[in-house]
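Worksheet: the structure to be examined is printed underneath.
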Amino acid sequence: MMLKTLLLHRTTTIHSLRCKFNTIPHREMTTGTQSIVSRLKSSGLLQTKGLIGGKWTDAYDGRTIEVNNPASGEVIASVACMGEKETKDAISSAYEAFGHWSKLTGSERSNRLRSWYNLLMEHKEELGELITLEQGKPLKEAIGEVGYGASFLEFFAEEAKRVYGDIIPSTLPDRRVLVIKQPVGVVAAITPWNFPLAMITRKVGPALACGCTVVIKPSEFTPLTALAAAELALQSGIPPGVLNVVMGDAPKIGNSLLESTQVRKITFTGSTAVGKKLMAGAAETVKKVSLELGGNAPCIVFDDADLEVALKGTLATKFRNSGQTCVCANRILVQEGIYEKFTSAFSNAVKDLKVGNGFSEGVVQGPLINEAAVQKVESFVQDAISKGAKVLAGGKRHSLGFTFYEPTIIGDVKNDMLIARQEVFGPVAPIIRFKTEEEAIQIANDTNAGLAAYLFTNSIKRSWRVSETLEYGIVGVNEGLVSTEVAPFGGYKQSGLGREGSKYGLDEYTEIKYICMGNLG
Ligand code: NAP
């Protein structure tokens, strides 16, 4: 009970109150956790200070903030709780380092990024353990995130050598028209807790590749992975000041980043509400902005789908990271001819998903990040039930306690229910029945979000028709897991601005300069 109260406290108090002097751990670590933590400490990967100008730095007023294991409530570490002053110093360090880093050749920057990639891969098990400890996802999935996260460093290490410009045919004989791409400058990267590593490397990889320097602000829930990655960046020879990490009081850090004229770019992944605030705040200094925000992904299963493929794909997209990804299916639209067969097979499959501590063998569903997340899921489920939806599997907190929630299927959902209007961000699959392709498209597009959508069909014509009509930045056809470093990731409508990953990802960190050479005749 006490633990529950403490977890609640953690999620409901305002930021400035979360930072504490000499924090006393609420719950002792078990011996199992202790041994993982001491192993990480001895390998130098458990850092608890911010990184400013290449130096591990305490908060200037000595405040700290606890990092919990969501599966057990254990306090894993206390990290520096920073604010305005530390952020300003981090910006100055990044600004200073920009002079040198941006002048290196693409190939020199490529080598450093490649070394960082190698180190992440060498330490993928330990980094995976860190992710499971602070974020909760099952170890196998966490190690998978390390591989995915590292792939952006490898990809952009290669792209660092290919930041090409153009020579444009001139309209005048004695002129030459050239275009070069230059790094935008100091980049502020604000990242969420659901992918503590990959959301950082997807931004920092391209930023560093083209010559920018960065100030990273990881989520207060998962700073340890960011700090471990930063330690490996230092070890890989990325010079001091090129990569800085501050964490703690999010609004204060955010405001300092927004106000600074030295910060030329804000790149953010997180909720749409915070993204809108940052976009408005960036207007004052007219910064370049890219936003990866919330989704409301439809997953459409047509009558002509291959049932096995649709089941596998829907399970993967819905229950990955316990439903806590921006591209998780948020609404499952099933055509009436296959509705009964699909929902019954889907409910059976979901009952087999093993829930538990991410370190336990066979677990595929970890806890939710915090108590607030569970309460949100509960309220969405209650709203749906009160409006006529039916629970087909799960539907309540898991008997394991803490922030575990049963993998859940809800049938007879309507698109105007809360659960279909907003991201549930939990292991709940709401199923909506539809009759025609037109109706499915209308329902799917009836949202302000536009990140990812999925469809399952055996018709090539329908695949094209529906893919092109969906108002989404990413469409998975007969596939539930679509994220890769080589493809552009990003959303339409209020799901964001810009793209991450792929060759398009570099454009977000460059300015285009037109050089006109005249009087050459
Ligand atoms: P969030 O609450 O918006 O937080 C994201 C980041 O913003 C965290 O580092 C947070 O810091 C920081 N933050 C909060 N308030 C701030 C402020 N006033 N100024 C500056 N920074 C501020 O989102 P979340 O709950 O961590 O993440 C879940 C959301 O991210 C979901 O909506 C999900 O869909 C979205 N997401 C999108 C993508 C994508 O690629 N489109 C990928 C992953 C997640 P603290 O945590 O320290 O408060």
**Report entry** Residues of the stretch 477-507 that turn out to be part of a strand (DSSP E or B), under 24 Å from residue 460 (Cα atoms) and either within 12 Å of the ligand (Cβ to nearest atom) or of a type in the set (Asp, Glu) (or both), as a count
**Finding:** 1
Query raised in the report: Of 448, 478, 458, which residue is in contact (Cβ under 8 Å) with a residue 40 or more places away in the chain, surrounded by fewer than 16 Cβ atoms within 10 Å (Cβ to Cβ) and under 17 Å from residue 313 (Cβ atoms)?
Result: 458
Report task. Taking the residues in the stretch 166-196 that are of a type in the set (D, E, K, R) and out of contact with any Gly (no Cβ under 7 Å at 6 or more places or on another chain) as candidates, determine which candidate is farthest from the ligand (Cβ to nearest atom). Result -> 176
Report task. Pick out the one residue from 338, 410, 419 that is surrounded by fewer than 23 Cβ atoms within 10 Å (Cβ to Cβ) and under 30 Å from residue 304 (Cα atoms). Result -> 338
**Report entry** Residue check for residue 241: more than 8 Å from the ligand (Cβ to nearest atom), in contact (Cβ under 8 Å) with a residue 60 or more places away in the chain and at positive phi
**Finding:** yes
Query raised in the report: Given 491, 498, which one is under 14 Å from residue 328 (Cα atoms) and in contact (Cβ under 8 Å) with a residue 24 or more places away in the chain?
Result: 491
Report task. Scan the stretch 106-127 and give yes if some residue there is closer than 25 Å to residue 254 by Cβ and polar (S, T, N, Q), otherwise no. Result -> no
Report summary line: In the stretch 328-345, anything in contact with a helix residue (DSSP H, G or I) (Cβ under 7 Å, 6 or more places away or on another chain) and within 16 Å of the ligand (Cβ to nearest atom) is listed as 328, 329, 331
Report summary line: Checked the stretch 424-476 for anything of a type in the set (Gly, Ala, Ser) and assigned to a strand (DSSP E or B); matches are 429, 452, 453, 476
Query raised in the report: Is there a residue being in contact (Cβ under 8 Å) with a residue 12 or more places away in the chain, closer than 18 Å to residue 203 by Cβ, among the acidic types (Asp, Glu) and out of contact with any His (no Cβ under 8 Å at 6 or more places or on another chain) anywhere in the stretch 282-299?
Result: yes
Report summary line: Checking 280, 273, 297, 310 in turn, the sole residue that is aliphatic (A, V, I, L, M), more than 14 Å from the ligand (Cβ to nearest atom) and modelled with pLDDT of 95 or more turns out to be 310
Query - Failed criterion for residue 104 (all others in (1) touching a residue at least 60 places away in the same chain (Cβ under 8 Å); (2) surrounded by fewer than 24 Cβ atoms within 10 Å (Cβ to Cβ); (3) in a helix (DSSP H, G or I); (4) of a type outside the set (Gly, Ala, Ser) hold) - result: (3)
Query - Residue match in the stretch 425-442 (condition: over 27 Å from residue 380 (Cα atoms) and in contact with a helix residue (DSSP H, G or I) (Cβ under 6 Å, 6 or more places away or on another chain)) - result: no
Requested in this report: Determine whether the stretch 350-369 contains at least one residue that is of a type in the set (A, V, I, L, M, F, W, C), within 16 Å of the ligand (Cβ to nearest atom) and not in a helix (DSSP H, G or I).
Outcome: yes
Query raised in the report: In the stretch 247-265, what residues are closer than 30 Å to residue 64 by Cβ, more than 9 Å from the ligand (Cβ to nearest atom) and either surrounded by 20 or more Cβ atoms within 10 Å (Cβ to Cβ) or of a type in the set (D, E, K, R) (or both)?
Result: 256, 259, 260, 263, 265
Report task. Consider residue 347 carefully, then state whether it is closer than 25 Å to residue 482 by Cβ and surrounded by fewer than 21 Cβ atoms within 10 Å (Cβ to Cβ). Result -> yes
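A quick yes/no check of all residues on (1) within 17 Å of residue 50 (Cβ to Cβ); (2) among the β-branched types (Val, Ile, Thr); (3) modelled with pLDDT of 95 or more; (4) within 15 Å of the chain's Cα centre (by Cα):
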position: 142; (1), (2), (3), (4): no, no, yes, yes
position: 177; (1), (2), (3), (4): no, yes, yes, no
position: 206; (1), (2), (3), (4): no, no, yes, no
position: 211; (1), (2), (3), (4): no, no, yes, no
Report summary line: Only one of 316, 329, 310 is buried (at least 24 other Cβ atoms within 10 Å of the Cβ) and within 20 Å of the chain's Cα centre (by Cα), namely 329
Requested in this report: Report yes if some residue within the stretch 92-100 is within 19 Å of the chain's Cα centre (by Cα) and either outside any helix (DSSP H, G or I) or modelled with pLDDT of 95 or more (or both); otherwise report no.
Outcome: no
Query raised in the report: So which pairs qualify, if the first residue must be in the stretch 181-194 and within 18 Å of residue 242 (Cα to Cα), the second must be among the aromatic types (Phe, Trp, Tyr) and part of a loop (DSSP other than H, G, I, E, B), the Cβ gap must be under 9 Å, and the two must be at least 6 apart or on different chains?
Result: 183/509; 184/509; 187/509
Query raised in the report: Applying the selection to the stretch 372-394, what residues are more than 17 Å from residue 414 (Cα to Cα) and not aliphatic (A, V, I, L, M)?
Result: 375, 376, 378, 394
Report summary line: When the stretch 155-181 is checked residue by residue, the ones that are hydrophobic (A, V, I, L, M, F, W, C), over 18 Å from residue 203 (Cα atoms) and either in contact with a Leu (Cβ under 9 Å, 6 or more places away or on another chain) or surrounded by 14 or more Cβ atoms within 10 Å (Cβ to Cβ) (or both) are 167, 168, 177, 178, 180
Query raised in the report: Pairs, please: C-beta under 6 Å, at least 6 apart or cross-chain, first residue touching a residue at least 40 places away in the same chain (Cβ under 8 Å) and among the β-branched types (Val, Ile, Thr) and in the stretch 363-378, second within 15 Å of the ligand (Cβ to nearest atom) and assigned to a helix (DSSP H, G or I)?
Result: none
**Report entry** Evaluation of residue 114 against (1) surrounded by fewer than 18 Cβ atoms within 10 Å (Cβ to Cβ); (2) without any contact (Cβ under 8 Å) to a residue 40 or more places away in the chain; (3) in contact with an Asp or Glu (Cβ under 8 Å, 6 or more places away or on another chain) (one fails), failing number
**Finding:** (2)
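The values are calculated or read from the model by the stated rules, or taken from the named source; none is laboratory data. Just so you know, these numbers come straight off a predicted model, no measurement behind them. All Cβ positions, even for glycine, are placed from backbone atoms using ideal geometry, and neighbour counts span all protein chains on display.
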